[in-house]
Amino acid sequence: MNSQILTNINNFLKKRLIEVFGILLIFAGFFILASVSSYSPEDPNFIYTPENTDIKNICGFYGSIISDFLLQSVGLVSFLLAVNLLSWGLKLFVKKVINNFTTKIFYILIYLIFGTTVLNIFYNESFWLINNGNGGFVGQAIKDNIYYFTPLIENQYIIYALIILTITFFILSLDLKFNEFIKILAFPLNTLKKTIIFLKKNKKVEANIDNTTEYPD
């Protein structure tokens, strides 16, 4: 009896700790998303930290430091990292487990490589990320090393393949089951469908009201 009670207490505490860790990941995901979204090149960073500066980042000093590091290193792919943390946090909070966590980390490394390379080749110029562009210095380094061996990296079909691989490994890293992935893809379509049905119902109601309204002679 005592062993059963201890087991129940242990399971309870374990689940609560997992939930707390999930909440921390969700918080970290929102923090990174907010920091990166409000990034300003004029804010303090690891190299340049001026005194008495009006920080524009909505997450303050630490937000400006973290966003600068992420954007300068992996560029716009930083947004995908934030989504990863949010997805993992929700998984831990709701289902208390992330399947094959080590594999998910590997998927992140793969889509970081492909994503930063694509951005550096295809869409690197940025008025926002003025130092290392949209692909960051990671994308620049990878592109330069690959280009040293073969210039085919800039072929448009290679770029399309890298985009597909980036999206594929990003989806795999989210730890989504097939039916969950289908629901996410179908969500915009279902929302549009419901909106159209709602608007049609409103028009029918208005038409019925107009038909039943009696006007005095």
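The values are calculated or read from the model by the stated rules, or taken from the named source; none is laboratory data. Given the structure is predicted, the values throughout are model-derived calculations rather than measurements. Note: ideal-geometry Cβ built from the backbone for every residue, glycine included; neighbour counts use all protein chains shown. The accessibility values were calculated without ligands, DNA or RNA, using every heavy atom of the protein model including side chains. Shrake-Rupley method; radii C 1.70, N 1.55, O 1.52, S 1.80 Å.
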From Ile163, Ile121, Ile153, Ile130, residue being open to solvent by 70 Å² or more (accessible area, probe 1.4 Å) and among the aliphatic types (A, V, I, L, M): Ile130
- prompt: Restricted to segment 94-105, and to residues that are touching a Phe, Trp or Tyr at 6+ places or on another chain (Cβ under 9 Å) and not in a loop (DSSP other than H, G, I, E, B), which residue is surrounded by the most Cβ atoms within 10 Å (Cβ to Cβ)?
  reply: Lys104
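Which residue out of Leu80, Leu85, Leu71, Leu109 is at pLDDT 90 or above, under 17 Å from the mean Cα position of the chain (by Cα), assigned to a helix (DSSP H, G or I) and over 24 Å from Ala141 (Cα atoms)? Full working, then the answer.
On the way: Leu80 fails: over 24 Å from Ala141 (Cα atoms); Leu71 fails: over 24 Å from Ala141 (Cα atoms); Leu109 fails: over 24 Å from Ala141 (Cα atoms).
So the residue among Leu80, Leu85, Leu71, Leu109 that is at pLDDT 90 or above, under 17 Å from the mean Cα position of the chain (by Cα), assigned to a helix (DSSP H, G or I) and over 24 Å from Ala141 (Cα atoms) is Leu85.
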statement: Of the candidates Asn10, Asn45, Asn52, the one satisfying the condition of being part of a loop (DSSP other than H, G, I, E, B) and open to solvent by 30 Å² or more (accessible area, probe 1.4 Å) is Asn52
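A quick yes/no check of all residues on (1) hydrophobic (A, V, I, L, M, F, W, C); (2) within 23 Å of Ser173 (Cα to Cα):
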residue: Phe31; (1), (2): yes, yes
residue: Ser35; (1), (2): no, yes
residue: Tyr39; (1), (2): no, no
residue: Ile47; (1), (2): yes, no
residue: Lys104; (1), (2): no, yes
residue: Phe122; (1), (2): yes, no
residue: Trp128; (1), (2): yes, no
residue: Gly139; (1), (2): no, yes
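Of everything in segment 56-83, what is in contact with an Asp or Glu (Cβ under 9 Å, 6 or more places away or on another chain) and surrounded by 17 or more Cβ atoms within 10 Å (Cβ to Cβ)? Give them in sequence order. Show your work before the answer.
If we filter segment 56-83 for residues that are in contact with an Asp or Glu (Cβ under 9 Å, 6 or more places away or on another chain), which is where we start, we get 56-57, 61, 63-65, 67-68.
Those that are in contact with an Asp or Glu (Cβ under 9 Å, 6 or more places away or on another chain) and surrounded by 17 or more Cβ atoms within 10 Å (Cβ to Cβ): Asn57, Gly63, Ser64, Ile65, Ser67, Asp68.
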query: List pairs: first in segment 60-85 and touching a residue at least 24 places away in the same chain (Cβ under 8 Å) and at positive phi, second β-branched (Val, Ile, Thr) and in a helix (DSSP H, G or I), Cβ under 9 Å, 6+ apart or cross-chain?
result: Gly75/Thr116; Gly75/Val138
One residue from Lys91, Lys143 being farther than 30 Å from Phe46 by Cβ and not in a loop (DSSP other than H, G, I, E, B): Lys91
- request: Would you check which residues across segment 17-36 are free of Cβ contacts under 8 Å to residues at least 40 places away in the same chain, open to solvent by 40 Å² or more (accessible area, probe 1.4 Å) and within 22 Å of Gly136 (Cβ to Cβ) and list them?
  value: Phe31
